[in-house]
Amino acid sequence: MREPMISDVYQKFARGLVSARQLPGRFYRSVFRGSYPTTARQQLAAVVNNLILHVHPTRVYSRSIKAQTTLGLGLICLYLFIIEWITGIFLMFYYEPSTGAAYGRILDLNYTIMFGRVMRNLHRWAAEAMVVAVALHMCRVFYTGAYKPPREFNWVLGVALLVLTLALSFTGYLLPWDQLSFWAVTVGTNIVSYAPVLGPKLRFVLLGGDSVGSDALLRFYTLHVIAIPAVASLMINYHIWRVIKDGGLAHPFEKRAGEDEAAAQTARGDSVVPTFPQVVYAELLVFLVLMIGLMVASLLFNAPLEEEANPLRPNNPSKAPWYFLGLQELVGYSAFWGGVGVPTLLMLYLLALPYFDRIPRGVGVWFSRERLAMINFWTLILLGILVTTALGIYFRGPNWNFYWPWENWPGPH
Amino acid sequence: MEKWLGAFGLTLTLILGWTLWDASVQEWQRYQGAYYREALRRAQKGAQKAWASNLRTEIKQLQLNGNATVERCVTCHLGYDNPAFQGFVAPLRTHSSLLKNHPPERFGCVGCHGGEGRAVTTLEAHGEGEVAAKPLLRGKYMQAACYNCHGTKTLPPQATDSVVRGRELVNRYMCLACHKIDGEGGEEGPDLSTVGSQRSWTWIYAHTVRPQGVVAGSTMPVFSLKRDEIQDVTIFLMTLLDSRDRLRYLPLLARRVVRELPAEERLAAPKSADPEELKIASRIVFTYDGKKLFHGAGCNICHTIGISGGEVGPALTYIGRKRNSENLERLLKDPDEILPGGKMPQLYLNNLQVKALVRYLGERR
């Protein structure tokens, strides 16, 4: 009587053990349907059947995953946005958008909250990196002619996303409520007010008053944590979806003998690789490298923070956030041109670019010879922006006077 | 590709480990550990032992003004209200008897000492770090804080003598010919009505010695003041605060409070020159970074190292060739001894700060 009972228990136990060992496999299959894809057919299915992966085509040209094709810049922008989202939510648990408490909360994040310092630094450095990455992404798209038909509208979306990125960065700039942010936003919103007729009204609406105060902080906070991110998220989705619908990455067409490249309708006979695993791995690699860089930067360098905002004591010089310093530099010469003229012209140029550019050649090729004039013009503008911005960052001291970077500024510092 | 993914994945994991270490290992934990070990060692009765062994390693804070102000100085300065730690090693010792009339739960620490109450690292809390560097008031400079609430009438004269002398000097050298103070005075120089809120005492001292060394192109004349006179002027100027800093003192201006320090039987009083105490002291690892201190404590306002710094005092780029460490140490502790009649200020640094600075300066060769 006894022996069969023991063996029963043993058998049940053994069966349990076996099914426990199968559990990870079962769980994996319940998520991903089928085993790890090895055949070409399975690899196609892996992309189509996965929510995140299905924004990819199932196969891509092998040149698409070469580093020099896109430099991974669009992807980096997306990653940075996601990092901002996650670190931003962490910061929201602690931050309080009121003039009395905000600065103290930032100090607490820096000093006493577990991971607070790293998270704040990550949020800040990723934000600055995002401004740079979005600008570089735009330059890449321009220099490879990737905005040409049928991708004109996606370029327009991209321009809108550039504006949203700057708006996100600028609204976040005020939130620490220190001297740096207070006076930067004061200067930044002053630039807005130079617009004729509507300028001062616009500034009033933005700040909820005539000067930066508690209403401005609340407005910037709401814009920064929900309004702009919501719009940006939708537009990023649309932007990425359009990449596929517009035929994937810009790709040079095959030029047959005696035929104009523009007339070529078939793609060059490039080799094709499956999206899974090559593209997925390449994307993971970009993420890891980006994350390592950001983490090391966040551990080693603290995000700037000065004394608590003091409306009675202006910083001299008061500088806008660095990406607006080109405009502030121009405002130094002419309030109208710096505050309104140049930014409006730049925006119009960017929005109209894919529609007035009628040269169909040079798609998907860096610095195509046929587009020399366009490329020169763009580079000239870019240089202008870089020079004015560098002037504003490094060469301007008290009262916006010129100083070499190694010169001591007169006046208290 | 897989190899690279593995390598970078491993690197990122290690960095996350570093983050965890960075977030969980903190300077103040060492001071609390030393304090608790000492408290436990001194405990004799059962109740004392129970008290000492129930102490937790945690951030401690004083909350003032209806919790609007948070000061965490007592996270490290643990023995501040425990008379058993009189004369003990630096961050753990008992506060002077002034605490009797200024109960810390109402007055806090920053109101008198300055610094950043929310910080819990030595450099940042003492206003010598990256954020809003404004070094603590030390030594004689504390008079500025006493004067802010008490004026000169209710205190013994030696408690505010520097402020009084400083004010006389400001009158004698006719500073108001160029500067305005509270609406009175000339237009030539900047208004000094709130200079104590805007500048640190190290900056004001340096600027008084030789304005051009701090503010390039300044047209202010160099007054040949003695070391003590410069100090007195600085202390007087540190009493000129803006409305916000004055408001910070408002809750302190309430009626006079008399509070007995907790009559202490919790722990046995310390024996003098206790060898065990020295052991404890040596176990607390102080980590002053000489380079950071040089910039945070205000040395760089007067002295240049490399290409950055002020031009009030001599450049220190090669100071290690000129002075040995013993000489540097004596100079930092008492400038008057090495440089009689010089302008180098008494900075009231503690031994560990001096050692860190000497180490840093000794390497400038």
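Assorted remarks:
- Packing around the peptides A:49-55, B:72-78, taken as the average count of other Cβ atoms within 10 Å per residue, puts them in this order, highest first: B:72-78, A:49-55.
- By the helix-only formula, in which each DSSP H run with n ≥ 4 contributes -39500 (n - 2.57) and the sum is divided by residues, chain A has a 222 nm mean residue ellipticity of -19500 deg cm²/dmol.
- If the convex hull is drawn through the Cα atoms of segment B:151-247, its volume per residue in Å³: 107 Å³
- Shielding score for B:109-118, defined as the mean number of other chain Cβ atoms within 10 Å: 1
- Between B:LEU14 and A:GLN22, the simple label model (points 7 Å from Cα in the Cβ direction) yields a spacing of 4.1 nm.
- Result for chain A in a Gaussian network model with C-alpha springs under 10 Å: among A:LYS319, A:LYS148, A:LYS12, the largest mean-square fluctuation is at A:LYS12.
- Here the extension length gained between A:TYR333 and A:ILE385 equals 17.2 nm, from 0.36 nm per residue of separation less the Cα-Cα distance.
- Along segment B:205-222 the Karplus relation, 6.51 cos²θ - 1.76 cosθ + 1.60 evaluated at θ = phi - 60°, assigns HN-Hα couplings of 4, 4, 5, 6, 4, 8, x, 5, x, 9, 10, 4, x, 5, 9, 6, x, 8 Hz to successive residues, with x for each Gly and Pro.
- Angle between chain A longest axis and helix A:102-111 axis [Cα atoms, degrees, rounded to 10]: 50 degrees
- Packing-based order for B:83-94, A:370-381, using average beta carbon neighbours within 10 Å, highest first: B:83-94, A:370-381
- Square roots of 5 times each gyration tensor eigenvalue, C-alpha, segment B:286-362, largest first, Å: 16, 16, 12
- Angle between chain A longest axis and helix A:2-32 axis [Cα atoms, degrees, rounded to 10]: 40 degrees
- Zero-based 10 Å bins, Cα pair distances in chain A, whole percents: 4, 17, 25, 23, 15, 9, 4, 2, 1, 0, 0
- A simple spin-label model places the labels of A:ARG369 and B:ASP336 8.3 nm from each other, with each point 7 Å out along Cα-to-Cβ.
- Scanning residues 5 or more positions from A:VAL60 or on other chains, those with amide H under 5 Å from its amide H are A:VAL273, A:THR275, with H placed 1.01 Å from N in the peptide plane.
- Of interest is the spacing of the C-alpha centroids, which for segment B:289-365 and segment A:84-158 amounts to 41 Å.
- Cα shape, segment A:16-170, gyration tensor, a/c 1.5 rule: oblate
- Taking 0.36 nm per residue of sequence separation and removing the Cα-Cα distance, the A:LEU202/A:MET347 pair yields an extension gain of 50.4 nm.
- Peptide A:274-282 - average C-beta neighbours from other chains (10 Å radius): 1
- Average Cα contact separation per residue, chain A, under 8 Å, 6 or more apart, as relative contact order %: 22 percent
- A straight chain from A:TYR394 to A:GLU128 at 0.36 nm per residue would run longer than the Cα-Cα distance by 94.0 nm.
- Note on A:LEU17, B:LEU64: ascending count of other Cβ atoms within 10 Å places them as A:LEU17, B:LEU64, the fewest first.
- Subset of A:LYS319/B:LYS226; B:LYS60/B:LYS153; B:LYS226/B:LYS333; B:LYS49/B:LYS333 violating a 28 Å alpha-carbon distance limit: A:LYS319/B:LYS226; B:LYS60/B:LYS153; B:LYS49/B:LYS333
- Projecting label points 7 angstrom from Cα along Cα→Cβ for B:GLU311 and B:LYS153 puts them 4.8 nm apart.
- Cys with no candidate disulfide partner in the protein assembly as shown (beta-carbon separation under 4.7 Å rule): A:CYS77, A:CYS139, B:CYS76, B:CYS112, B:CYS146, B:CYS149, B:CYS175, B:CYS178, B:CYS299, B:CYS302
- Neighbour-count ranking [beta-carbon atoms within 10 angstrom, fewest first] of A:ILE393, A:ILE65: A:ILE393, A:ILE65
- Cut-off 17 Å (backbone N to label point 7 Å along Cα→Cβ of B:ASN324), residues of segment B:343-358: B:358
- Over chain B: helical MRE at 222 nm, DSSP H runs n ≥ 4 each giving -39500 (n - 2.57), nearest 500: -12000 deg cm²/dmol
- The protein assembly as shown - Kirkwood radius from inverse mean 1/r over Cα pairs (Å): 31.2 Å
- Taking the C-alpha atoms only, the angle from helix A:152-174 to the longest principal axis of chain A is near 70 degrees.
- Cα lying deepest toward the dipole's positive end in segment B:151-247, options B:SER197, B:ALA159, B:SER243, charges on Cβ: B:ALA159
- By the count of other C-beta atoms within 10 Å, a proxy for reagent exposure, A:PHE13, A:PHE32, A:PHE220 are ordered fewest to most as A:PHE13, A:PHE32, A:PHE220.
- The protection proxy used here, the mean number of other Cβ atoms lying within 10 Å of each residue, ranks peptides A:140-147, A:343-350, A:275-282 as follows, highest first: A:140-147, A:275-282, A:343-350.
- Computed over segment A:95-202, Cα set: Rg, Dmax in Å: 17.9, 53
- Using R0 = 30 Å, the C-beta based FRET efficiency linking B:GLU168 and A:PHE402 works out to 0.10.
Coordinate-derived values only; no laboratory data. What you see is a predicted model; the values in this text were computed from it and never measured. All Cβ positions, even for glycine, are placed from backbone atoms using ideal geometry, and neighbour counts span all protein chains on display.
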